[in-house]
1. Specify the angular offset, from 0 to 90 degrees and rounded to the nearest 10, of the alpha carbon long axis of helix 201-211 from the longest principal axis of the alpha carbons in the chain.
2. Using a 10 angstrom cutoff on alpha carbons, build the Gaussian network for the chain and name the most mobile of 139, 51, 84.
3. Most fluctuating residue of 119, 91, 40 in a GNM of the chain with Cα springs under 10 Å: which is it?
4. Using a cut-off of 12 Å between beta-carbons, work out the net charge of the residues near residue 133 (Lys and Arg +1, Asp and Glu -1, residue 133 not included).
5. Expected output is a single nm value to one decimal: the length gained when fully extending between residue 203 and residue 77, i.e. 0.36 nm times separation in residues minus the C-alpha distance. What is it?
6. Counting pairs of Cα atoms in the chain, how many percent are more than 33 Å apart?
7. When Lys and Arg each count +1 and Asp and Glu each count -1, what net charge do the other residues less than 9 Å away from residue 163, Cβ to Cβ, add up to?
8. Treating the stretch 32-103 as a set of equal point scatterers at the Cα positions, no solvent, please give the Debye-formula log₁₀ I(q)/I(0) at q = 0.21, 0.27 Å⁻¹.
Amino acid sequence: MAVEKTATLSQKISRRKSSERTLRLTEIFYSIQGESSYIGRPCIFIRTTGCDLRCSWCDTEYAFYGGKKWRFEDILAFIQQWPCKLVELTGGEPLLQKALPEFAALLLQNGYTVLVETGGHRDISVLDPRVIKIMDVKCPGSGEADKNYWPNLQHLEPKDQVKFVVRDRTDFDWALKVIDQYRLSEGPELLFSPVWGELDYEALAEWILQSGIQARLQIQLHKIIWGPDRKGV
Ligand code: SF4
């Protein structure tokens, strides 16, 4: 009898834990990856709700508030409708949610390649080393450069990516100094992206070529395909 009671209690605890394993999400969708070295590939996007930064050029303000709680198992079941094993956890700021590292690990267990796109101001060492981190370093033009969490840079590997969103030449020169100071050329892939509608691709392309930096010029392909205001793509 005592054993039965214990088993029941443990089942209840297990059930409660399972139901507590949730993420607050703004949207889940299947599209073409518009950024990073995975650009052009079909990808499932899971967008978490909430961000503690306010970048001047943010294009996902609709993810700051609201959202809906999703249980891990419901997310897994939902994304199985698509013939794709590449998933990006994005936001908002995904690492604001305590359960996110556990969910990323669950995706890995289920055979997914997992990208986590983060603003770079929260500790990335909480993520499974197999997760591919796409981490912003916020330039001065974002208004949030003082929030960069510099110890993150030591956790990046060659498979990971560092993204500089560049508003102007001041941002570009600042990024070059950061790359030099932290020897980033020897580590993760470097991405340079112009602030949409403010800096044209050609100017940034010229700066990259002139500087000799071995970085990837990144365009937001999804905005070129579907337009800058379309959500869920
Ligand atoms: S970190 Fe991302 S979601 Fe948050 S304000 Fe900056 S661009 Fe927007």
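Derivation of every value follows stated rules applied to the coordinates shown; laboratory data play no part. All values derive from a computational prediction rather than experimental measurement. Cβ sites come from the backbone with ideal geometry, for glycine too, and all protein chains shown count toward neighbours.
1. 70 degrees
2. Taking springs between Cα atoms under 10 Å, the residue moving most is 84.
3. 40
4. That sum, taken over residues with Cβ under 12 Å, equals -4.
5. Stretched out fully, the residue 203 to residue 77 stretch lengthens by 40.9 nm.
6. Numbers: 5345 of 27028 pairs.
Across the chain, Cα pairs with separations above 33 Å total 20 percent.
7. Numbers: positive: none; negative: 35, 117, 136.
Neighbourhood net charge equals -3.
8. Log10 I(q)/I(0), no solvent term: -1.07, -1.33.
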